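To keep things clear, I will list the structure first and then write my remarks on it.
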Amino acid sequence: MSGDTQPEAGRADATDAAIAGVLYDPAWPKGCEAAAYSTPRAAVEILSLMCPTLVSYRGGWFRADSFKAEYADGFFEQTGGNLASVEYVVNHLHVDEMLFGQSKPMALEEARAVCEMLAYGWKNWARDRYGVSIRTSIICDEDQCEVTFRSKTAEDATIELA
């Protein structure tokens with residue numbers, strides 16, 4: 001997986017352009033903001049993606065919305081107890097048309113922008129709410145983007161298997 005998702009030179013401009021493209025889409029009626037078409041429930045769901053509840057399990061940190069102990073245990077077994085690998089797999093989130101219920105694929109630039117915003121939010125949320133330092137990773141190919149994280153304490157950790 002790729003390294004930490006600190007903005008690269010020129011990437012910030014591309015991300016800003018992608019976000020502006022979404023916010024100022026000509027399909028929206030003039031004078032209307034995207035928020036005018038949202039609901040409180042949608043806002044909570046979107047914000048809970050950016051600020052997820054985290055659970056600690058076997059020395060790692062996991063997004064509660066995607067965590068199942070049996071799933072994590074299976075990956076601990078497959079990786080010989082490699083905590084960083086387990087966190088990366090269990091915490092990953094695919095950003096595509098299914099995430100926001102769209103009927104067509106999300107443009108790659110928009111998907112990458114969403115991933116970068118989530119990675120930024122996750123880092124700050126984990127640090128401020130849980131006191132945990134995390135390393136994020138974004139992987140994009142021609143079909144989709146995904147974002148994930150692992151705790152920095154997991155960098156060299158191997159969990160003893162029972």
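The values are calculated or read from the model by the stated rules, or taken from the named source; none is laboratory data. This one's a predicted model, so the numbers in the text were calculated from it and none came from an experiment. Cβ placement follows ideal geometry from the backbone for every residue including glycine, while neighbour counts extend to all protein chains displayed. These area figures cover heavy atoms from the full protein model, side chains too; ligands, DNA and RNA do not enter into them. Shrake-Rupley method; radii C 1.70, N 1.55, O 1.52, S 1.80 Å.
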Any chance segment 129-139 includes a residue that's without any contact (Cβ under 8 Å) to a residue 60 or more places away in the chain and surrounded by 16 or more Cβ atoms within 10 Å (Cβ to Cβ)?
no
Failed criterion for Ala111 (all others in (1) small (Gly, Ala, Ser); (2) loosely packed, with under 14 Cβ neighbours inside 10 Å; (3) within 16 Å of the chain's Cα centre (by Cα); (4) at pLDDT below 90 hold)
(2)
Identify all residues within segment 118-156 that are under 17 Å from Asp65 (Cβ atoms), assigned to a helix (DSSP H, G or I) and not basic (Lys, Arg); write none if there are none.
Leu118, Ala119, Gly121, Trp122, Trp125, Ala126, Tyr130
Hey, could you check segment 38-59 for residues that are out of contact with any Phe, Trp or Tyr (no Cβ under 9 Å at 6 or more places or on another chain) and not in a helix (DSSP H, G or I) and say which is nearest to Gly81 (Cα to Cα)?
Gly59
For segment 53-73, which residues satisfy the criterion of being open to solvent by less than 30 Å² (accessible area, probe 1.4 Å), within 18 Å of Trp122 (Cα to Cα) and without any contact (Cβ under 8 Å) to a residue 40 or more places away in the chain?
Phe62, Arg63
